[in-house]
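Notes follow once the structure below has been shown.
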Amino acid sequence: MTEERDALIQAVREFADLELAPNAERWDAEKHFPVDTLRLAGQLGLGGESVREDVGGSGLSRLDAVAMFEELAKGDTTIAAYISIHNMVAWMIDTYGDDAQRERWVPGLAAMTDLGSYCLTEPGAGSDAAAITTSARRDGDDYVINGVKQFVSGAGSSAVHLVMARTGEPGSRGISAIVVPDGTPGLGFGRNEEKMGWHAPRGHQRDHAAGRRAEPSGRGRVTTNAGRAVRDRRPSTRDLGYA
Ligand SMILES: Cc1cc2nc3c(=O)[nH]c(=O)nc-3n(C[C@H](O)[C@H](O)[C@H](O)COP(=O)(O)OP(=O)(O)OC[C@H]3O[C@@H](n4cnc5c(N)ncnc54)[C@H](O)[C@@H]3O)c2cc1C
């Protein structure tokens, strides 16, 4: 173990001991999502563990990241899980986003001043993620996204939602990842999920909306978006009119 890694793990251990463990039970009982505490985690560099350093990431190895999450989970498993999900969003935009997307989103995600939500699971697609039915249809410079996501950790507090949607053929190769900023017209929340012992990171059912100026699909492709949206509060996919 290098000295640098040692210091990082020690800092995460102290953070988990002081900030997470004493509060974990209360947060769960009160269904409190501790955004202020997550901002502190961001100051420690925990929001962009595998993100490149030019956009504020920590650039950790996989092994270091595992050690970091082990320490976090000793304090509060739910917050450790949320931070790992947030990191998936930061990593995907850093890895697959274009320069504008990296510059717009990744520094805030790495610092956890912006929180991220990863929107893959649907009422009819969990383990079999390649079966998602949420669609993203090209409409001029826009993508119009239509569908319902479920178990979206952090939804309601996130600045950005990375939405997996079908833009091509059936199966995993026809899925794109689209960046949907909070406040996009048509984006709506359902009720908070009831999850035993897992109340702190909200897990909403979430309806989705539209995007623009995106490339046609390609697996894992991250695309920009804004504006033009539809709303569908039913737990199924369907086409609606545009806002
Ligand atoms: C606390 C929490 C937070 C979450 N956060 C997010 C999030 O932020 N974003 C997101 O997109 N998703 C999130 N999820 C969803 C999570 O990824 C799904 O729960 C997971 O993919 C499993 O899907 P499912 O719950 O529909 O279970 P199912 O897919 O219905 O599986 C139910 C059971 O059947 C088994 N099973 C399924 N298929 C097979 C098979 N072919 N053969 C044998 N056994 C099988 C599974 O192993 C499991 O035991 C979260 C879930 C939880 C509980």
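The values are calculated or read from the model by the stated rules, or taken from the named source; none is laboratory data. This structure is a prediction, so every number in the text was calculated from the model and none was measured. No Cβ is skipped: glycine too gets one built from the backbone with ideal geometry, and neighbour counts run over all protein chains shown.
Restricting the search to strands (runs of 3 or more DSSP E) fully inside region 134-231 and requiring at least 2 residues that are at pLDDT 75 or above, surrounded by 17 or more Cβ atoms within 10 Å (Cβ to Cβ) and at negative phi gives 135-139, 142-146, 148-153, 160-166, 175-181. Name the one entry in SER84, SER127 that is out of contact with any helix residue (DSSP H, G or I) (no Cβ under 7 Å at 6 or more places or on another chain) and of a type in the set (Ser, Thr, Tyr). None of the other options fit; the residue is SER127. Checked against the criterion of being touching a Lys or Arg at 6+ places or on another chain (Cβ under 7 Å) and in the same structural domain as HIS32 (by TED's automatic domain parsing), the candidates ASP142, ASP94 yield just one match: ASP94.
Conditions (1) in contact (Cβ under 8 Å) with a residue 24 or more places away in the chain; (2) under 16 Å from PRO107 (Cβ atoms); (3) touching a helix residue (DSSP H, G or I) at 6+ places or on another chain (Cβ under 6 Å); (4) assigned by TED's automatic domain parsing to the domain that holds TRP91, marked per residue:
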position: ALA21; (1), (2), (3), (4): yes, no, yes, yes
position: ALA24; (1), (2), (3), (4): yes, no, no, yes
position: TRP27; (1), (2), (3), (4): yes, no, no, yes
position: THR37; (1), (2), (3), (4): yes, no, yes, yes
position: GLU53; (1), (2), (3), (4): no, yes, no, yes
position: ASP64; (1), (2), (3), (4): yes, no, yes, yes
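Of all residues in region 92-113, none satisfies being at pLDDT 95 or above, of a type in the set (Val, Ile, Thr) and within 13 Å of the ligand (Cβ to nearest atom). For region 53-105, the set of residues classified as more than 24 Å from ALA200 (Cβ to Cβ) and in contact with a Phe, Trp or Tyr (Cβ under 9 Å, 6 or more places away or on another chain) consists of VAL55, GLY57, ILE93, ASP94, GLY97, listed by residue number. Of all the residues in region 114-128, those that are under 27 Å from GLY57 (Cα atoms) and more than 8 Å from the ligand (Cβ to nearest atom) number 3.
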